[in-house]
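Taken together, the values in this text are just the output of simple stated rules run on the coordinates, not laboratory data. Because the structure is predicted, anything quoted here is derived from the model rather than measured. Here the Cβ is made from the backbone with ideal geometry for all residues, glycine too, and neighbour counts use every protein chain on show.
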Amino acid sequence: MVRKLAVTQRPEPLGNGVGVNATPVGWQASLRVGCLLLLVALLGFGPGAQADPSPSTPATPGAMAVSTASVQGRATSALGEAVESAMPPDMQRILARGKLTVAVLGQDNAPFFVEQEGQLTGLDIQLARSLAEQLGVTLEITRLATTFDQVVDMVYGQRADLAISKISRTLKRAQRVRFSRPYLRMRQGLLVNRLQLAEQVQGRSMVETIRDLRGKVGVIKGSSYVGFLKQKFPQATIVEYPAWEAIVDAVVQGDILAAYRDELEIKKVVRTQPDAALQLQTIALTDTQDSLAVVLPWSSTHLLAVVDQALETLTTPYTVDTVLDEYAHYWDLHSPQQP
Amino acid sequence: MVTSANAYVPRQAAMAWLRSPWAIAISSGVGIFIGIRLPQAATWIAPFGTVYLGLLKMCVLPMLLSAITNSLGRLMQSRDARQYVQRMAMVFPLSLLAVSAIAVAMAALAGPGRNLTGETLKTLGVLVNQSGIDLEMALSGPIPTDATGGVTTLVDSLVPDNIFAALSEGQTLKVLLFAMIFGVSLGLVKAPTTAALFDTLDSLYRAFNQIIHGLTYLLPLGLCSLLAGQLSQVGIGVLLSMVDFVGVAIATFALVYLICTLIIWRRSGTGLWSTLLALKDPTILSLATSSSLACLPAAITSLSGHLKFNPQTTHLVTPLAITLCRFGSVIYFASATLFVVQLYQRDLGLAGLGIVILGSILAGMATSGVTGILTLTMLGLVLDPLKLPLEAVLVLFIAIDPLMDPFRTLGIVHTGMAATALVADRET
């Protein structure tokens with residue numbers, strides 16, 4: 001499913017327009033053109049990908065360094081005044097365009113990104129808005145990606161400046177893109193069927209029982225929690241489901257013992273389905289992590305610093321509970337699917 | 001002693017009116033009105049209730065100590081101790097079994113918690129969520145130890161290694177055991193000097209009884225503020241969602257109350273009306289104070305004073321029945337367990353029902369050493385063997401407890417009195 005919001009999605013690589021403008025260079029063109037040249041040079045930095053038709057292979061640092069050196073030499077020799085616009089290329093690109101392109105998953109995920117009465121809202125959207133506001137540019141949200149990994153791919157391919165889309169920091173993703181500091185630190189959580197758990201307790205404490213968890217535990221097929229489950233609960237039987245809703249239903253029905261995901265999704269279940277709360281126990285694992293962060297292209301080092309600083313100056317750091325409380329009205333409006 | 005009191009109390013008629021059923025009825029009415037309609041005012045007058053309850057409880061430990069030591073000591077000397085011990089050994093277990101079975105039968109027939117509507121489940125679920133019962137735990141590191149111990153805590157709370165510590169901390173069970181051991185040993189001392197100690201204990205008891213008697217004049221005031229305070233704490237929304245359970249539990253308490261009243265009436269040999277009048281004070285006190293200990297003096301006075309049961313036996317058996325047997329808690333746990341069983345749609349079978357009956361007795365008796373919320377956690381003693389989860393439903397029971405506690409206390413005190421009436425003989 002592809003949805004476009006705010007501004008129409010532009011399929012062509014960013015900065016193309018600037019490149020076209022730059023072709024008719026005449027010697028008579030004065031300072032203005034020199035500036036443009038510098039701009040092109042700077043933009044050529046990260047978006048070596050732009051020259052390359054395949055977005056998955058960005059320019060090598062070596063090639064970039066060469067182009068920078070040559071263009072910089074030209075620019076400074078032409079006019080020394082151009083120094084004043086020597087912005088970091090990743091920032092310059094956004095400011096020149098006057099627009100921050102943010103990738104968000106195509107499918108709604110309350111409370112992070114939800115479409116309400118034609119308006120896109122949510123925690124991630126608010127973050128994106130305040131970022132764009134602080135940079136003094138407009139915001140464009142592109143929702144072409146249908147999986148979280150596709151969102152990461154979009155950023156990697158520079159089809160977006162960054163992504164704020166409930167993306168978890170994982171080492172695998174960190175090999176290709178840069179992550180900001182976490183804007184929401186979560187822990188891993190378990191959603192346990194109380195009756196099934198009571199069968200297992202056998203005089204032990206709840207903590208002991210959970211540490212030695214046996215029985216069927218549901219995880220989303222192909223998600224990072226498959227690996228976590230093997231690592232944290234070796235005794236448990238892994239049951240992979242294609243969709244989260246199916247896992248929750250199975251736990252409520254008692255078909256499986258527990259569901260394993262981040263604590264926010266876990267707590268969301270008992271909030272959206274209060275009639276099942278008597279059957280379900282939510283557990284947050286305090287010594288585990290699942291942190292959400294902004295995703296940036298590996299070359300956007302300066303933008304990363306800006307984003308980090310912006311996140312640092314957030315008035316109130318988010319926690320799972322404040323997020324759930326603040327966005328509780330989403331569930332009142334969107335009546336959840338009942339099992 | 002009444003003559004001396006007259007010197008300070010000018011208008012005897014007005015004072016007597018304070019003890020009449022009318023004063024009680026009016027003050028309870030006012031208390032209920034304030035509790036439901038003016039919760040703010042209820043918090044203002046709550047301190048009066050607390051003071052009243054504090055004064056009552058102040059007398060309990062000295063009375064417990066003196067009454068049990070005295071009666072047990074004299075019983076040992078009179079040599080018919082064996083007979084009473086045998087009767088107690090018969091009456092207590094049988095009556096516990098009886099009330100537990102009644103409660104299970106009532107709950108099984110009425111079926112609270114069966115086929116709850118989605119709306120009700122939602123209200124209950126919201127309540128469970130609000131109470132924030134998420135478990136936060138680490139997968140590594142030391143395992144935190146649980147505070148609740150169940151049967152072991154009961155055993156631990158029995159033997160006092162320091163009787164003065166037990167007295168100052170108000171550990172009733174330890175004081176009880178000490179008083180019994182002390183009473184027996186005092187009775188075994190065949191020296192004439194013990195008579196002086198018995199007399200001292202007797203006058204100690206009478207003095208505190210006098211205080212309790214005087215406090216009954218303040219009962220309307222205390223009643224009003226205690227009832228208002230209690231009712232203002234009950235959440236109406238939860239109450240409506242659990243209305244079938246609350247109804248069944250109260251009906252069970254009412255049935256047991258009725259049976260016990262009949263027993264006391266038959267055993268006392270007096271008229272029905274005078275029996276009811278004699279039972280008025282402990283009944284109202286239990287409902288108003290929710291503290292079985294605070295009602296102990298009134299229960300003893302009612303049995304030995306008004307209904308003319310043998311004082312020695314009454315002084316010994318009533319405290320034991322009320323502090324050890326905890327009939328009200330047994331009834332409540334039996335009803336509550338069946339509610340949970342039906343809520344989780346578990347089919348128990350006859351063996352399961354047997355576990356509920358016995359487990360409720362155990363859990364009910366285990367509450368004798370504890371107070372407050374810990375009382376309700378003893379429900380785990382029944383639910384654990386049935387492999388039913390406690391945490392979620394505990395929240396629900398805590399929410400309705402301001403309403404259920406008075407009835408539970410009434411069940412403890414009144415059934416304890418009936419058990420005493422079965423053991424004790426009438427004074428001739």
Taking a ≥ b ≥ c as the square roots of the Cα gyration tensor eigenvalues, with a/c under 1.5 meaning rounded and otherwise prolate when a/b beats b/c or oblate if not, the stretch B:40-108 comes out oblate
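Just counting partner chain Cβ atoms within 10 Å, what average do the residues of peptide A:125-131 show around their Cβ?
That works out to 0 on average.
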Residues whose placed amide H lies under 5 Å from that of A:Lys216, excluding near-sequence neighbours
A:Thr237, A:Leu257
How many angstrom lie between the C-alpha centres of the stretch B:73-106 and the stretch A:161-237?
55
Rounded to the nearest 10 degrees, the helix B:272-289 long axis (Cα) sits at an angle to the longest Cα principal axis of chain B of 60
Against the longest alpha carbon principal axis of chain B, how many degrees, from 0 to 90 and to the nearest 10, is the axis of helix B:243-268 turned?
20
Would you work out the relative contact order for chain B, in percent, from Cα pairs under 8 angstrom that are 6 or more residues apart?
30
Using a/c under 1.5 as the rounded threshold, could you call the stretch B:211-283 rounded, prolate or oblate? The axes a ≥ b ≥ c are square roots of the C-alpha gyration tensor eigenvalues, and prolate needs a/b larger than b/c, oblate otherwise.
oblate
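Which links in A:Lys99/A:Lys268; B:Lys57/B:Lys387; A:Lys166/B:Lys387; A:Lys99/A:Lys267; A:Lys172/A:Lys267; B:Lys122/B:Lys280 stretch past 31 Å when you go from one Cα to the other?
A:Lys99/A:Lys268; B:Lys57/B:Lys387; A:Lys166/B:Lys387; A:Lys99/A:Lys267; B:Lys122/B:Lys280
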Using only Cα atoms, locate the centre of the stretch B:163-224 and the centre of the stretch A:240-316, then give the distance between them in Å, rounded to an integer.
60
Using 0.36 nm per residue of separation minus the Cα-Cα distance, give me the extension gain between B:Ser185 and B:Gln130 in nm, one decimal.
14.4 nm
Subtract the Cα-Cα distance of A:Ile238 and A:Glu312 from 0.36 nm times their separation in residues, and report this length gain in nm to one decimal.
22.8 nm
So if we plug the beta-carbon distance of B:Ser203 and B:Gln40 into 1/(1 + (r/R0)^6) with R0 = 56 Å, what FRET efficiency do we get, rounded to 0.05?
0.80
10 Å binning of all Cα-Cα separations within the stretch A:186-291, expressed as whole percents from 0 upward
16, 54, 29, 1
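Tell me, what is the FRET efficiency for A:Thr301 and A:Gln116 to the nearest 0.05, using R0 = 56 angstrom and their Cβ-Cβ distance as r?
The computed FRET efficiency comes out at 0.95.
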Can you give me the long-range amide H partners of A:Thr286? Hydrogens built in the peptide plane at 1.01 Å from N, cutoff under 5 Å, separation of 5 or more residues or another chain.
B:Met137, B:Ala138, B:Leu139
Could you give the size of the charge dipole of chain B about its Cα centre, using +1 on the Cβ of each K and R and -1 on the Cβ of each D and E, expressed in debye and rounded to the nearest 20?
1240
Cβ-placed point charges (K, R +1; D, E -1), dipole of the stretch A:186-291 about Cα centre in debye, nearest 20
180
Alpha-carbon spread of the stretch B:160-267, three principal axes, descending order, Å:
63, 34, 33
With label points set 7 Å from each Cα along the Cα-to-Cβ direction at B:Phe33 and B:Ile250, the distance between them in nm comes to 2.0
Using R₀ = 30 Å, calculate the FRET efficiency as 1/(1 + (r/R₀)^6) where r is the Cβ-Cβ separation of A:Leu95 and A:Ala328; round to 0.05.
0.20
About its Cα centre, the stretch B:6-140 carries a charge dipole, from +1 on Lys and Arg Cβ atoms and -1 on Asp and Glu Cβ atoms, whose size in debye to the nearest 20 is 660
Straight-line reach from B:Lys174: which aspartates and glutamates have a Cα under 20 Å away, not including same-chain ones fewer than 8 places off?
B:Asp156, B:Asp161
What aspartates and glutamates could a cross-link reach from A:Lys221, if we take a straight Cα to Cα line under 13 Å and drop same-chain neighbours fewer than 8 places away?
A:Glu240, A:Glu245
Measuring from label point to label point, each 7 Å out along Cα→Cβ, what is the B:Ser274 to A:Ala86 span in nm?
11.2
With Cα atoms, 0 to 90° folded angle of helix B:311-320 axis to chain B main axis
20
